Structure formats: C-alpha cells, structure tokens
Amino acid sequence: MRIAIVEDEAIWREKIQAVVEKCCRAYDISVSIKSYGNGNDFLKSPDADLLFLDIELAEGENGFDIAEKLMNSKSQCKICFLTSHTELARLGYRVNAFRYIDKMHLEEICEAVDSFLKTKIQDRFIDCNDTSGIGVKIHLQQLLLVETNGRKLRYLMLDGSEHFCRGLISETAQSLSPFGFCRIQRSYMVNLRYIAKVNSREITLCNGAKIAIGRAHSKEFKKAFFQWRMCFEE
C-alpha cells in the first residue's frame, strides 16, 4: 500500500505521518509513506493509493487544484483532504474526495485508512485450474457469480466472459465468503457488490440476471448482505 502526504508545514507533516504509521501498524499492513512539502513535487510522480492532502498550501497552491490535476490524470488514488477550516470541505464534491479530516482531530485518519482497506477487499486474484488443467487467475473484483455446471464450476465475469474450472461450490463459497461472496442457493454464489435489487424471494444482479434465494440459504444470505451494506458500501 502506498500513502502520500502533501502538507506545506513540516510540523504538521510529521504529526500526520506519525498517525498514519501508527494506524498501519495496528492493521499489520506493509506500507510505503512519502511526504511532500508542496503539491507540484507530488505531481511529478503521483504514485500513491491514498493521499492525505492539505487544502490550504503555501505559495498560492490550492489542494483542490492539485486534486483536480490528479483526477484528470486518470489516477485511481483516493484523496483525503486535511483542513483547519471545515467549511471548505463542501467544495470537495468537484474531485470526489474520499474523506475530509479536521486537523484538530487527526485520529480520524485511522477511520479513513480502515475504510480505504475495505474498498480494496476484492482487489486480489484467486488461482483455479480449468477443465483442461490449465491455471487461470480470476480477479475477484471482476467476478460476478459462480455457478455449478455439471461436475465443474462456471465463473461468470462482469464483462460476460466465463471460465469453467474444477472445484466444489461448497468449498469455493467457504473460501470466498470473507471477500464479499455468498452462496444464495444450492447452485449459485454471488458477489454481494453487484446485487442491484433484492426481495424475499430473489436477487437481481447488475447485469439484470435474476436468481432465486434458496430456502436453506436465506438466513445466511440476508445476514451477509446486511453486513456487506453496513461495512463496505460508501
């Protein structure tokens, strides 16, 4: 995980970095932290997953302008604005800010790190063997559902492509449940991220597919879906 800090005052840079380091130690994650005294230095090599950016920078720099340049570069970096004047936060809608943190409450940084890590929960690959024994890497964030298909499993991706691999849906459901997947009936498990609608009888996925909720899995599914919505959706 790569974290950047842009803050023109050295004393605040040190305080912010100390809090970030403490939070990352608590989550036991490997992290690279780089600090910058101005936005232009950061933009020379904007290599970060999460950015803590002061809104009011020295020498005429503006945090919103820095964020806009970053957004226009197609960067996937999430931006957390830092400010002593919280009334400025309302302007952050222009750059889709991830968080606004009051400098008087730097403990909010830990909540931002926690939320960011949750957004990355499906940013990983699993290894499967297809029916020919060839290894296949499947990106969980692009996986829509898994379906039993005879003696194999069908992995349907968001783009409509599919992989037929060896395995049991019971074992696959157990291994993927920590990452936002849930078995909703005997033959299907789905990515909770891509459920568009749900009622007592069926779910509708983002591609329009409707899948009935099995009676034996109804309670487990409703609990998992509720927890997902509470914990992971912004």
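The values are calculated or read from the model by the stated rules, or taken from the named source; none is laboratory data. Note that the coordinates shown come from a computational prediction; the quantities given were computed from them, not determined experimentally. All Cβ positions, glycine included, derive from the backbone under ideal geometry; neighbour counts span all protein chains shown.
Observations, loosely collected:
- Qualifying positions in the stretch 1-53 - exposed (fewer than 13 other Cβ atoms within 10 Å of the Cβ) and either assigned to a strand (DSSP E or B) or among the aliphatic types (A, V, I, L, M) (or both): 10, 11, 18, 26, 29, 32
- Restricting the stretch 198-223 to residues that are on the phi < 0 side of the Ramachandran plot and in a loop (DSSP other than H, G, I, E, B) leaves a set whose member that is surrounded by the most Cβ atoms within 10 Å (Cβ to Cβ) is 213.
- When the stretch 157-184 is limited to residues that are modelled with pLDDT under 95 and farther than 23 Å from residue 131 by Cβ, the one that is farthest from the chain's Cα centre (by Cα) turns out to be 177.
- Matching entry among 89, 112 (being at pLDDT 90 or above and assigned to a helix (DSSP H, G or I)): 112
- Of all residues in the stretch 54-63, those being over 20 Å from residue 106 (Cα atoms) and part of a helix (DSSP H, G or I) number 0.
- The stretch 174-184, residues that are crowded, with 19+ Cβ neighbours inside 10 Å and out of contact with any Phe, Trp or Tyr (no Cβ under 7 Å at 6 or more places or on another chain): 176, 181, 183
- Total residues in the stretch 138-188, condition assigned to a loop (DSSP other than H, G, I, E, B), of a type outside the set (Gly, Ala, Ser) and under 20 Å from residue 209 (Cα atoms): 5
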